[in-house]
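As C-alpha coordinates, the structure follows; a few thoughts come after it.
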Amino acid sequence: MPDRQPTLDEQIAIYQREYRDLDPQVEKVVNAVSRLDRRMNVAYSRQLATLGLTGPEWEVLKELVMAGSPYQLWPGTIAKRLGLTPAAMTHRIDRMLGQGLVTRERDQDNRVRVIIGLTDTGREKWLEVMRKASVFEEDLLQDLTTEERTQLGELLTRLLRRVEHAQPDAGGRLTDLD
(Lines give C-alpha, C1' and ligand atoms only; values in the text may rest on other atoms or scores of the structure.)
Protein backbone atom coordinates (compact mmCIF):
# COMPACT_ATOMS: atom_id res chain seq x y z
CA MET A 1 0.00 0.00 0.00
CA PRO A 2 1.68 3.25 -1.04
CA ASP A 3 1.66 5.99 1.59
CA ARG A 4 1.06 8.73 -0.94
CA GLN A 5 -2.08 9.75 -2.74
CA PRO A 6 -2.03 8.66 -6.39
CA THR A 7 -1.51 11.39 -8.92
CA LEU A 8 -4.58 12.52 -10.82
CA ASP A 9 -3.57 10.44 -13.86
CA GLU A 10 -2.87 7.39 -11.68
CA GLN A 11 -6.27 7.75 -10.01
CA ILE A 12 -8.04 7.91 -13.35
CA ALA A 13 -6.11 4.87 -14.62
CA ILE A 14 -7.19 2.93 -11.51
CA TYR A 15 -10.80 4.01 -12.01
CA GLN A 16 -10.67 2.96 -15.66
CA ARG A 17 -9.24 -0.42 -14.68
CA GLU A 18 -12.13 -0.94 -12.26
CA TYR A 19 -14.88 0.73 -14.29
CA ARG A 20 -14.38 0.42 -18.02
CA ASP A 21 -17.27 2.74 -18.98
CA LEU A 22 -15.57 5.69 -17.33
CA ASP A 23 -15.01 8.83 -19.39
CA PRO A 24 -11.44 9.86 -18.49
CA GLN A 25 -11.95 13.45 -19.63
CA VAL A 26 -14.91 13.90 -17.29
CA GLU A 27 -13.08 12.23 -14.41
CA LYS A 28 -9.99 14.37 -14.93
CA VAL A 29 -12.00 17.60 -14.78
CA VAL A 30 -14.16 16.57 -11.82
CA ASN A 31 -11.29 15.16 -9.79
CA ALA A 32 -8.97 18.07 -10.57
CA VAL A 33 -11.64 20.53 -9.38
CA SER A 34 -12.26 18.43 -6.28
CA ARG A 35 -8.58 18.19 -5.40
CA LEU A 36 -8.04 21.87 -6.05
CA ASP A 37 -11.03 22.77 -3.88
CA ARG A 38 -9.72 20.64 -1.01
CA ARG A 39 -6.22 22.14 -1.17
CA MET A 40 -7.54 25.69 -1.48
CA ASN A 41 -9.78 25.17 1.56
CA VAL A 42 -6.77 24.00 3.59
CA ALA A 43 -4.73 27.01 2.46
CA TYR A 44 -7.55 29.44 3.25
CA SER A 45 -8.10 27.84 6.67
CA ARG A 46 -4.42 28.26 7.49
CA GLN A 47 -4.52 31.90 6.42
CA LEU A 48 -7.61 32.53 8.53
CA ALA A 49 -5.97 30.89 11.54
CA THR A 50 -2.99 33.26 11.29
CA LEU A 51 -5.49 36.11 11.61
CA GLY A 52 -7.37 34.50 14.51
CA LEU A 53 -10.45 33.64 12.45
CA THR A 54 -12.27 30.45 11.60
CA GLY A 55 -13.90 29.63 8.29
CA PRO A 56 -17.40 29.99 9.78
CA GLU A 57 -16.54 33.45 11.17
CA TRP A 58 -15.17 34.48 7.77
CA GLU A 59 -18.46 33.43 6.18
CA VAL A 60 -20.39 35.82 8.45
CA LEU A 61 -17.98 38.70 7.77
CA LYS A 62 -18.29 38.05 4.05
CA GLU A 63 -22.11 38.13 4.17
CA LEU A 64 -22.09 41.42 6.07
CA VAL A 65 -19.66 43.02 3.61
CA MET A 66 -21.69 41.74 0.66
CA ALA A 67 -24.77 43.42 2.16
CA GLY A 68 -23.07 46.77 1.55
CA SER A 69 -22.95 49.81 3.76
CA PRO A 70 -24.03 50.00 6.59
CA TYR A 71 -23.05 46.28 6.65
CA GLN A 72 -26.03 44.99 8.57
CA LEU A 73 -28.25 41.93 8.25
CA TRP A 74 -30.77 40.08 10.36
CA PRO A 75 -29.32 36.91 11.87
CA GLY A 76 -32.02 34.85 10.15
CA THR A 77 -30.94 36.20 6.77
CA ILE A 78 -27.31 35.29 7.43
CA ALA A 79 -28.32 31.86 8.71
CA LYS A 80 -30.40 31.16 5.61
CA ARG A 81 -27.63 32.26 3.25
CA LEU A 82 -25.10 30.09 5.08
CA GLY A 83 -27.42 27.14 5.50
CA LEU A 84 -27.38 27.28 9.30
CA THR A 85 -29.97 26.69 11.96
CA PRO A 86 -30.91 29.75 14.06
CA ALA A 87 -29.20 28.15 17.09
CA ALA A 88 -25.95 27.64 15.18
CA MET A 89 -26.11 31.22 13.94
CA THR A 90 -26.64 32.56 17.48
CA HIS A 91 -23.65 30.58 18.73
CA ARG A 92 -21.46 31.89 15.89
CA ILE A 93 -22.57 35.49 16.46
CA ASP A 94 -21.92 35.18 20.21
CA ARG A 95 -18.29 34.19 19.55
CA MET A 96 -17.85 37.04 17.08
CA LEU A 97 -19.34 39.57 19.50
CA GLY A 98 -16.70 38.54 22.04
CA GLN A 99 -13.99 39.24 19.46
CA GLY A 100 -15.40 42.67 18.61
CA LEU A 101 -16.05 41.68 14.98
CA VAL A 102 -19.80 42.32 14.97
CA THR A 103 -22.51 44.10 16.91
CA ARG A 104 -25.98 42.88 17.82
CA GLU A 105 -28.57 45.59 18.33
CA ARG A 106 -32.35 45.88 18.35
CA ASP A 107 -33.74 46.62 14.91
CA GLN A 108 -35.10 50.18 15.07
CA ASP A 109 -37.90 49.29 12.65
CA ASN A 110 -38.97 46.19 14.58
CA ARG A 111 -37.93 46.15 18.24
CA VAL A 112 -38.62 42.41 18.49
CA ARG A 113 -35.83 41.64 16.01
CA VAL A 114 -32.10 42.13 16.30
CA ILE A 115 -29.71 43.16 13.57
CA ILE A 116 -26.10 42.12 13.18
CA GLY A 117 -23.63 44.78 12.13
CA LEU A 118 -19.99 44.76 11.07
CA THR A 119 -17.62 46.66 13.36
CA ASP A 120 -14.57 48.57 12.16
CA THR A 121 -12.48 45.73 13.60
CA GLY A 122 -14.54 43.19 11.67
CA ARG A 123 -14.18 45.13 8.43
CA GLU A 124 -10.42 45.47 8.93
CA LYS A 125 -10.21 41.71 9.58
CA TRP A 126 -12.15 41.11 6.36
CA LEU A 127 -9.70 43.34 4.47
CA GLU A 128 -6.70 41.48 5.95
CA VAL A 129 -8.17 38.17 4.79
CA MET A 130 -8.80 39.58 1.32
CA ARG A 131 -5.22 40.85 1.05
CA LYS A 132 -3.78 37.46 2.01
CA ALA A 133 -6.22 35.59 -0.24
CA SER A 134 -5.36 37.83 -3.19
CA VAL A 135 -1.66 36.99 -2.88
CA PHE A 136 -2.45 33.26 -2.65
CA GLU A 137 -4.86 33.39 -5.61
CA GLU A 138 -2.44 35.34 -7.81
CA ASP A 139 0.23 32.76 -7.02
CA LEU A 140 -2.20 29.94 -7.81
CA LEU A 141 -3.00 31.37 -11.25
CA GLN A 142 0.47 32.66 -12.11
CA ASP A 143 1.04 30.09 -14.85
CA LEU A 144 -2.13 31.09 -16.72
CA THR A 145 -2.29 33.92 -19.22
CA THR A 146 -4.94 36.59 -18.89
CA GLU A 147 -6.90 34.89 -21.67
CA GLU A 148 -6.63 31.49 -19.98
CA ARG A 149 -7.80 32.97 -16.68
CA THR A 150 -10.79 34.51 -18.42
CA GLN A 151 -11.61 31.27 -20.22
CA LEU A 152 -11.22 29.17 -17.06
CA GLY A 153 -13.44 31.57 -15.12
CA GLU A 154 -16.12 31.41 -17.81
CA LEU A 155 -16.00 27.62 -18.02
CA LEU A 156 -16.19 27.12 -14.26
CA THR A 157 -19.02 29.64 -14.03
CA ARG A 158 -20.92 27.68 -16.67
CA LEU A 159 -20.48 24.47 -14.67
CA LEU A 160 -21.51 26.25 -11.48
CA ARG A 161 -24.69 27.60 -13.09
CA ARG A 162 -25.60 24.10 -14.23
CA VAL A 163 -25.16 22.66 -10.74
CA GLU A 164 -26.99 25.58 -9.12
CA HIS A 165 -29.89 25.08 -11.52
CA ALA A 166 -30.01 21.32 -10.95
CA GLN A 167 -29.57 21.59 -7.16
CA PRO A 168 -30.73 25.04 -6.05
CA ASP A 169 -30.70 24.07 -2.36
CA ALA A 170 -27.09 22.84 -2.40
CA GLY A 171 -25.61 26.23 -1.49
CA GLY A 172 -26.60 25.88 2.13
CA ARG A 173 -27.71 23.27 4.59
CA LEU A 174 -29.07 20.21 2.88
CA THR A 175 -32.18 18.97 4.65
CA ASP A 176 -31.76 15.51 3.20
CA LEU A 177 -28.42 15.19 5.04
CA ASP A 178 -29.77 16.10 8.49
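The values are calculated or read from the model by the stated rules, or taken from the named source; none is laboratory data. Computed from a predicted model, the values in this text were never measured in an experiment. Note that each Cβ is placed from the backbone with ideal geometry, even for glycine, and that neighbours are counted across all protein chains shown. In case anyone asks, the SASA skips ligands and DNA or RNA and just uses the protein heavy atoms, side chains included. Shrake-Rupley method; radii C 1.70, N 1.55, O 1.52, S 1.80 Å.
Of all residues in the range 37-55, which are assigned to a helix (DSSP H, G or I) and surrounded by 12 or more Cβ atoms within 10 Å (Cβ to Cβ)? Walk me through it before giving the result.
As a first pass, look at the range 37-55 and keep what is assigned to a helix (DSSP H, G or I): 37-50, 55.
Hits for the range 37-55 are M40, A43, Y44, S45, Q47, L48.
Within the range 123-164, can you find the residues that are touching a Lys or Arg at 6+ places or on another chain (Cβ under 9 Å) and either within 21 Å of V65 (Cβ to Cβ) or exposed (fewer than 11 other Cβ atoms within 10 Å of the Cβ) (or both)? Passing the criteria: W126, V129. Is at least one residue of the range 99-113 of a type in the set (A, V, I, L, M, F, W, C) and surrounded by 12 or more Cβ atoms within 10 Å (Cβ to Cβ)? Yes, the conditions are met somewhere in the range 99-113. Among the residues of the range 37-52, count how many are more than 14 Å from the chain's Cα centre (by Cα) and aliphatic (A, V, I, L, M). Result for the range 37-52: 2. For the range 64-83, name all the residues that are farther than 21 Å from N110 by Cβ and in a loop (DSSP other than H, G, I, E, B). Selection gives G83 alone. Among residues of the range 97-126 that are without any contact (Cβ under 8 Å) to a residue 40 or more places away in the chain, those with a beta-carbon under 8 Å from a residue that is among the acidic types (D, E) at least six positions away or on a different chain give the pairs R113/D107. When the residues of the range 12-36 are filtered to those that are in a helix (DSSP H, G or I) and acidic (D, E), the one that is farthest from the chain's Cα centre (by Cα) is E18. The residues in the range 65-94 that are farther than 19 Å from G55 by Cβ and open to solvent by less than 30 Å² (accessible area, probe 1.4 Å) can be counted, and the count is 1.
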